[in-house]
Amino acid sequence: MKTLTRADFPHFLAIPTRWMDNDIYGHVNNVVYYSYFDTVVNEFLIKQGVLDIHAGEVVGLVVETSCSYFSPLAFPDLVHAGLRVARLGHSSVRYEVGLFKNDEQTVSAAGHFIHVYVNRAARRPVPLPERLREVLQTIAYIPA
C-alpha cells in the first residue's frame, strides 16, 4: 500500500486532541480515531449544506469501518483529518480519511467508512440526492 500524504486529500479539518483522549498507554485510544472520522465527514457535509442532522429526509448510516494505525497520536497533538471520497454508488459512499499529526506530511492513521443513505423515517436505502452527489464529487479521489 502506498504511504498516504497530505497531497492525497482535498479537504482537511484540524481537530485538537483532548486530555481525555489518551489512554493508560499514553496515546489516543483507538476508539477516538473513529470519532475523528465521523467529525471530518459530518463537518464537511454540514458546511456544504447537504446534511441536516435534525430534519433532513435523508441520512447516512455507517455500515462498514476500518482503521490502520502507523504512528501514535497523543494529547496535546493537533490532528489534521484529511477527507476524500473513494467511491460513489447509487445509495452509498466510501469515505477515506487520513489522520496527520501536527505538521507531519505522512499519515499517522488511515481508514474508511461507508455510508448508506436512507430515508430517515423508513430506514430504507434511497438514491443519493443530486446536490449531495455533486458536493461529494468535489472531493472524489481519482488515482493517478
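Every number in this text was worked out from the coordinates using simple rules, so none of it is lab data. Here the structure is a predicted model, which means the values were calculated and not measured. Ideal geometry is used to build each Cβ from the backbone, glycine not excepted, and the neighbour counts take in all protein chains shown.
Some points to look at:
- Toward the positive end of the charge dipole of the stretch 40-144, with +1 on the Cβ of Lys and Arg and -1 on the Cβ of Asp and Glu, the farthest Cα among Asn102, Asn42, Val116 is that of Val116.
- Theoretical FRET efficiency, 1/(1+(r/R0)^6), r = Cβ-Cβ of Asn42 and Thr3, R0 25 Å, to 0.05: 0.40
- Derived scalar couplings ³J(HN,Hα) [the stretch 52-63; Karplus, 6.51 cos²θ - 1.76 cosθ + 1.60; whole Hz; x for Gly, Pro]: 10, 5, 9, 10, x, 6, 10, 9, x, 9, 6, 10
- Ala14-Asp103 pseudo-label distance in nm [points 7 Å out on the Cα-to-Cβ vector]: 1.2 nm
- Net dipole in debye of the chain [+1 Lys, Arg Cβ; -1 Asp, Glu Cβ; about Cα centre; nearest 20]: 400 debye
- Each Lys or Arg adds one and each Asp or Glu subtracts one; over the other residues with Cβ under 13 Å from the Cβ of Leu73, this totals -2.
- Alpha carbon Rg of the chain, scaled by the compact-globule rule 2.2 N^0.38 Å: 1.06
- At R0 = 30 Å, FRET efficiency that the Cβ-Cβ distance of Ser91 and Ser35 yields, to 0.05: 0.75
- Helical content alone sets the calculated 222 nm signal of the chain at -5500 deg cm²/dmol, taking -39,500 (n - 2.57) per DSSP H segment of four or more residues and averaging over every residue.
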